[in-house]
Amino acid sequence: MAAPPRDEDLIARVQSHLDSFVAVQRDRLAEAGPGAAALIDAAHASVSGGKRLRAAYCYWGWRAAGGSTGDDRPIMAGAALEWLQASALVHDDVIDESATRRGRPAAHRAFADQHRHRGWRGDADHYGAGAAILLGDLMLSWSDETFGPCRGSAAAGAHFDACKSEVVAGQFLDVTTEAAADPTVESAMRVVRFKAAKYTVERPLLIGATLAGADRGLVEALRGFGLPVGEAFQLRDDVLGMFGDASVTGKPAGDDIRAGKRTVLLARAYERSTSEHRTTLDDLVGDSRLDPDGVDRVRDIVRTTGALAAVEEHITGLLDAALRALDTAPLADEVARKTLTQLAERSVQRER
């Protein structure tokens, strides 16, 4: 039984593919001048580093279906998913008016700072938002171009296309639930499913598996594993967004509260709240100028109502269900089963 590649080996292969792709784009857009070069630099920075979680699920979906170790197609597909994620994050930060991403200024903030530094005319923040939207659009286009050689598999192409549509639909659901101040767990879980769970785990797995020729039985078994892992991943992300250490997560804890994110944590808190608690939550959640004391008041309500404990229990249940599904899945490679188990646990039991 072949040993699994080390995380750093897979990461290096994906990064090499991304770097080579960017080099081609630099040549292609050289005539556009230094302005275009700045946009390419920002795109390259957006995909430099990171855990490559989506690429890893894609690769191990490929191996689970019996794909060979020497084929570059799952690496290409993984790189395409990295462009898709980078695009979604840039757009998400503009929508949420987030200041930071992974401990650095979010793209729209970085572009705005460049505008101010150079003393350009007009509103710097407006320029920053516009430039970041275009950056996200460029990387979405590049995700399609990177995936192109994998479209020999119609099934993999269909999963990739669905992945793009679902993440946009999920983002729209997210902003809609914020605007409507919808406090229900059902609505919050729908956002979790479409904005994060499907494109983080389920679709990458299925893209890799169908690239390797997986039959319907294996696809459905991997779906039974991937969706609950993806949901647990996002629920963990929500917990870290409210209670995580900013020095570890790279984003200030409390940003989701200030943005008015209708997370499952918050929905559970509303579900269990007294009328006094609900009034406090209504007053504080969504206040972009909320100070640390206000953030702590919301956190206290989430803890004392039992919402945090309920979400932690939900995460555990989802992970358990996923691992049971994986145990009985008809995988072609037992190394893949072991590695997917480890990936699932790391996805859910993390600090950033």
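Derivation of every value follows stated rules applied to the coordinates shown; laboratory data play no part. The shown structure was predicted, so the numbers you read here are calculated from the model rather than taken from an experiment. All Cβ positions, glycine included, derive from the backbone under ideal geometry; neighbour counts span all protein chains shown.
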Provide the gained length on full extension for the span Arg324 to Gln349, in nm with one decimal, where the gain is 0.36 nm per separating residue minus the Cα-Cα distance. 7.3 nm
Using only Cα atoms, locate the centre of the range 270-341 and the centre of the range 229-267, then give the distance between them in Å, rounded to an integer. 8 Å
Under the Karplus relation with 6.51, -1.76 and 1.60 and θ = phi - 60°, whole-Hz ³J(HN,Hα) for the range 336-350, x at Gly and Pro, equal 5, 4, 5, 5, 5, 4, 5, 4, 4, 5, 5, 5, 9, 9, 10
Where Lys and Arg each count +1 and Asp and Glu each count -1, what net charge lies around Asp144 among other residues with Cβ under 10 Å from its Cβ? 0
Local electrostatic count at Arg102 - Lys and Arg +1, Asp and Glu -1, tallied over other residues with Cβ under 15 Å: 0
Pulled fully out, how much extra length does the chain show between Leu134 and Asp293, if you take 0.36 nm times their separation in residues and subtract their Cα-Cα distance? 53.6 nm
Given labels modelled 7 Å from the Cα in the Cβ direction, how far is it in nm from Asp300 to Ala30? 6.3 nm
Quarter of Cα convex hull surface for the range 94-168, i.e. mean projection, nm²: 6.3 nm²
Determine which aspartates and glutamates satisfy two conditions relative to Lys251: a Cα distance under 15 Å, and not lying fewer than 8 residues away in the same chain. Asp92, Asp93, Asp96, Glu97, Asp237, Asp238, Glu351
Environment charge at Met242 (Cβ cut-off 13 Å; Lys +1, Arg +1, Asp -1, Glu -1): +1
Can you tell me, using C-alpha contacts under 8 Å and at least 6 residues apart, the relative contact order of the range 7-348 as a whole percent? 20 percent
Stretch Asp161-Glu271 to full length: gain in nm at 0.36 nm per residue minus the Cα-Cα span? 36.0 nm
If you project the alpha carbons of the range 135-282 onto their three principal axes, what span does each projection cover, largest first, in Å? 58, 37, 30
How compact is the chain by the rule of thumb for globular proteins, expressed as Cα Rg over 2.2 N^0.38 Å? 1.01
Computed from the mean reciprocal separation of all distinct C-alpha pairs, what Kirkwood hydrodynamic radius does the range 22-153 have, in Å? 16.0 Å
